[in-house]
Amino acid sequence: MTAVAEQPGRVKAFLRLVAIEHSVFALPFAYLSALTAMQVHGGRVRWLDLLLITVAMVGARTFAMAANRIIDRRIDARNPRTAGRELVTGAVSVRTAWTGAVVALVVFLGAAALLNPLCLALAPLAVVPLVVYPYGKRFTDWPHLILAVAQAVGPVGAWLAVTGTFAGSWPAWLLGIAVGLWIGGFDLIYACQDAEVDREIGVRSVPSRYGLAFALHVSTVVHVVTFVLFVWFGALVGFGWPFWIGLVLTALAFGYQHVVVSPTDLSRVNRAFFTANGFVGIALFVFALVDLVFRLGLRG
C-alpha cells in the first residue's frame, strides 16, 4: 500500500522536474505548421496526425528536459536559483529521471513511426540537439544557438508529419527558423539571471562572457529577425487579416518582454517568460487558425 501511495507523488515530482506545462510554448507552432500543410494538401483536418504530432512533441520535450536536468544537476546544485530543483533536493532520483527520459524518448520515436517513414528516419537526428544543448554551456559561449536549432525542428517535423516529403516544405522551414530564433533569443534573456554565478562556476553563455547589456541587445536583434520571418511566413502562405492581427499582438508581446527586462532590473524575467512568450504562441496560433478555417477553407 505504501508503494502505491508514493507513486502519484513520484509522478508529480517528475512532471515538475520537466516543467510539463511549458509545452504550451512549442505546441502552437507545431499545430500551425501542421494545419497549414493540411490546408495546402487538401484542406481537411487529419485529427489522428494532430494527435500523433502532440504525442511526439510532448515526448521529445519531456525527454529533452529530463536529460537536461540530469546532465546539469551538479551545476544546478551550485546555483542558488536552481538549487531547489528536484534532482538536487532528491525529490526525484537520477534513476527515476532516466526512466522517465527513456520512456519519453520511446514515446517520441513510436509516434514518429506511426506518422510516416520519413519522420521515423529523421527522429534520431531531431534528438541530437536536445542532448547536445545542455553540454553546450561547457564548450561554447553560444549554447543558445543549439537550443534554437532544437526548437526549429518542431514546425518542420510537424509539416513532414502531414506530407511525408520535403517537397514544398519551405514555409515550415521559415516558421521553424523563426521559432528557433524566438526561443533562442529569449534564452539569452533568461541566462542573464545566472551570469554572475555562471562566471564563478565556469558555465559558459553570452551574458556570462559578454555581459548583460550585450546579451539583451543581441536578443532584441534576434527577435526583430524573428518577427520579419513570421511576416515572411504569413505572406508566403497567403494568410489574411486575422493572422496579421495576431502578428500585431505578437509584436506587442515581443516589445513588452524587452521593456520589462533591463541590465539593471532582471526581477521580471519570469513574468516575461510565462506571460509574453506563452501569449506569443497562443495568440499567433489562434488568429492563424481563424484565418485557416474561415478564409482558406480548412475543414474537419
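The values are calculated or read from the model by the stated rules, or taken from the named source; none is laboratory data. All values derive from a computational prediction rather than experimental measurement. A quick note on method: Cβ atoms are made from the backbone with ideal geometry, for glycine too, and the neighbour counts reach across all protein chains shown.
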> Being free of Cβ contacts under 8 Å to residues at least 40 places away in the same chain, surrounded by 17 or more Cβ atoms within 10 Å (Cβ to Cβ) and assigned to a helix (DSSP H, G or I), is that true of even one residue in segment 155-165?
Replying inline: no
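So that you can scan it fast, the table gives a plain yes or no per residue for (1) modelled with pLDDT of 95 or more; (2) assigned to a helix (DSSP H, G or I); (3) out of contact with any helix residue (DSSP H, G or I) (no Cβ under 7 Å at 6 or more places or on another chain):
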residue: 96; (1), (2), (3): no, yes, no
residue: 99; (1), (2), (3): no, yes, yes
residue: 108; (1), (2), (3): yes, yes, no
residue: 125; (1), (2), (3): yes, yes, yes
residue: 144; (1), (2), (3): yes, yes, no
residue: 149; (1), (2), (3): yes, yes, no
> Can you tell me which residues in segment 66-87 are of a type in the set (Lys, Arg), closer than 23 Å to residue 11 by Cβ and out of contact with any Leu (no Cβ under 6 Å at 6 or more places or on another chain)?
Replying inline: 85
>> List the residue pairs whose Cβ atoms are under 8 Å apart, where the first residue sits in segment 1-28 and is closer than 17 Å to residue 104 by Cβ and at pLDDT 75 or above, the second is among the acidic types (Asp, Glu) and surrounded by 12 or more Cβ atoms within 10 Å (Cβ to Cβ), and the two are 6 or more positions apart or on different chains.
In response: 13/86; 14/86; 16/86; 17/86
> Are any residues in segment 128-144 crowded, with 19+ Cβ neighbours inside 10 Å and over 15 Å from residue 198 (Cβ atoms), and if so, which ones?
Replying inline: 129, 130, 133
>> Taking the conditions exactly as written (of a type in the set (A, V, I, L, M, F, W, C), closer than 20 Å to residue 35 by Cβ and in contact (Cβ under 8 Å) with a residue 60 or more places away in the chain), does residue 172 satisfy them or not?
In response: yes
> Which residues, counting only those in segment 58-94, are assigned to a loop (DSSP other than H, G, I, E, B) and at negative phi?
Replying inline: 72, 78, 79, 80, 81, 82, 83, 84, 85, 91, 92, 93
>> Out of everything in segment 31-52 that is among the small types (Gly, Ala, Ser) and at negative phi, what residue ends up being nearest to the chain's Cα centre (by Cα)?
In response: 33
>> Out of the residues in segment 257-271 meeting the condition of being modelled with pLDDT of 85 or more and exposed (fewer than 13 other Cβ atoms within 10 Å of the Cβ), tell me which one is nearest to residue 82 (Cα to Cα).
In response: 265
> Considering 274, 254, 243, 285, which residue is touching a Ser or Thr at 6+ places or on another chain (Cβ under 9 Å) and either at pLDDT below 80 or crowded, with 16+ Cβ neighbours inside 10 Å (or both)?
Replying inline: 254
> Out of all the residues in segment 201-216, is one or more farther than 30 Å from residue 52 by Cβ, buried (at least 24 other Cβ atoms within 10 Å of the Cβ) and of a type in the set (S, T, N, Q)?
Replying inline: yes
> Name the residues in segment 155-175 that are among the aliphatic types (A, V, I, L, M) and touching a Phe, Trp or Tyr at 6+ places or on another chain (Cβ under 9 Å), would you?
Replying inline: 156, 158, 160, 172, 174, 175
